[in-house]
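Structure, as structure tokens:
Derivation of every value follows stated rules applied to the coordinates shown; laboratory data play no part. Model, not experiment: these values are computed from the prediction. When we count neighbours, we look across all protein chains shown, and the Cβ atoms used for this are built from the backbone with ideal geometry, even at glycine.
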């Protein structure tokens, strides 16, 4: 059974959009072929629209979302600089780890998992950090953070500070408005709401962020200065050869972005919202209790407590073997007590919700 035949409703890869799958099977172009360079430029422009930014340096990095995280810290953190990280889940913890590896003095602001980021607590953690980082959509908990409020508060106090947002599970699922919010750096992954196989990390950095860039970071591969500006290809003098681009993956992302923009971003966000709302209604009918705090729940990734006396792994195994539905376990200490259900990209549809609810009802006997 291939992945695209399953209903992948966990926190990991979603079912790709059909357009993205078809593009993966198209004849390969060379990574310097003029037609591929056209596709790359158009992909970057489409990403600007989805990110809500005019940033020239907006591009898909070769690697999954974690590459975007590492590139952000590698290019903006100097040894000894203070980085404040809001931690309300696994991926906030990971940002602390990565920032520390690049020599940052990491100030960690812990929150209870399942709760949104407290802007005042983050702001009060240090008087003048070089960078403040937070997760917009925490994949481990299903919680949405108010990145716009955080960025505004940080920049009101210190216009020179940078704000970094992890948007791996939010981009193309809920509104992301990089320029309006004043976010300086952000990264995502293709395997969530963008509906593309894992392998690329959409990335964007503002002019303010670029001005603060480390001129020669300790990683050659992730040195953004070697990529050029991506402002329209060779004619604009903006492209520098760096490495062999993953042409099939970029063609797939190009196709998926085209499908998303053809549908319309507001319509895509609404489709995710309606699917998430119906899922919460159905879970309540099954007497299952949400894990994420009310008012901060993601429509594209729903977390729910495993009922007392229920074997989480056994239920997930039966969903997979009997219905071809995969939902995720919780993360960290909640691995056996929380389920994570993703409705992202092509899976953000009411028929997928009803199929899952019917399967859970039968397996749980409710």
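Extension gain residue 263-residue 358, at 0.36 nm per residue separation less the Cα-Cα distance, in nm?
Details: separation 95, 0.36 × 95 = 34.20 nm, distance 2.85 nm.
That works out to 31.3 nm of additional length.
Could you give the length gained by full extension between residue 126 and residue 149, i.e. 0.36 nm per residue of separation minus their alpha carbon distance, to one decimal place?
My answer for the length gained is 6.5 nm.
Is it possible to state the helix-based mean residue ellipticity at 222 nm for the chain, with each DSSP H run of 4+ residues giving -39500 (n - 2.57), the sum divided by total residues, to the nearest 500 deg cm²/dmol? What is it?
It lands at -11500 deg cm²/dmol.
Over the chain, what is the relative contact order in percent, taking alpha-carbon pairs closer than 8 angstrom and at least six residues apart?
The normalised contact order for the chain reaches 25 percent.
Using the number of other C-beta atoms within 10 angstrom as an exposure proxy, rank 138, 281, 274, 81 with the fewest first.
In increasing order of surrounding Cβ atoms, one gets 281, 274, 81, 138.
Would you please give the FRET efficiency between residue 49 and residue 226, computed as 1/(1 + (r/R0)^6) with r the Cβ-Cβ distance and R0 = 25 Å, to the nearest 0.05? Could you put the intermediate results ahead of the total?
Values: r = 26 Å, r/R0 = 1.02.
After rounding, the FRET efficiency stands at 0.45.
How do the peptides 322-332, 200-210, 23-33 rank, highest first, by the average count of neighbouring beta carbon atoms within 10 Å per residue?
The most tightly packed comes first, giving 200-210, 322-332, 23-33.
Expressed as an acute angle from 0 to 90° and rounded to the nearest 10, what is the orientation of the C-alpha long axis of helix 147-157 relative to the principal long axis of the chain?
40 degrees
With angles folded into 0 to 90 degrees, how steeply does helix 247-263 sit against the dominant principal axis of the chain? Use alpha carbons for both and round to 10.
Tilt relative to the chain: about 70 degrees.
Can you say what percent of the DSSP beta bridges in the chain, counting only those with both residues inside, are antiparallel? Round to 5.
50 percent
Give me the distance in nm between label points sitting 7 Å out from Cα along the Cα-to-Cβ direction at residue 350 and residue 179, one decimal.
3.5 nm
What FRET efficiency comes out for residue 219 versus residue 366 if R0 is 51 angstrom and r is the Cβ-Cβ distance? Round to the nearest 0.05.
Efficiency for this residue pair is about 0.50.
Based only on other Cβ atoms within 10 Å, what is the fewest-to-most ordering of 91, 73, 227? Present the calculation step by step, with values, prior to reporting the outcome.
Details: 91 22, 73 26, 227 19.
Ascending Cβ contact count within 10 Å gives the list 227, 91, 73.
Hey, what's the per residue convex hull volume over the C-alpha atoms of segment 256-323, in cubic angstrom?
Expressed per residue, the convex hull around the Cα atoms of segment 256-323 is 124 Å³.
When 146, 351 are ordered from fewest to most other Cβ atoms inside 10 Å of their Cβ, what list results?
Listed from fewest to most nearby Cβ atoms, that is 351, 146.
Using the basic label-point model (7 angstrom from Cα toward the beta carbon), what is the residue 156 to residue 277 distance in nanometres?
3.1 nm
Given a cut-off of 17 Å, what percent of all Cα-Cα pairs of segment 20-159 lie beyond it?
68 percent
Translational diffusion coefficient, Stokes-Einstein: compute it for segment 18-262 using the Kirkwood radius over C-alpha pairs as Rh, at 37 °C and 0.692 mPa s, and state it as an integer in µm² s⁻¹. Before the final figure, lay out the partial values.
On the way: Rh = 18.0 Å.
In µm²/s, the coefficient rounds to 182.
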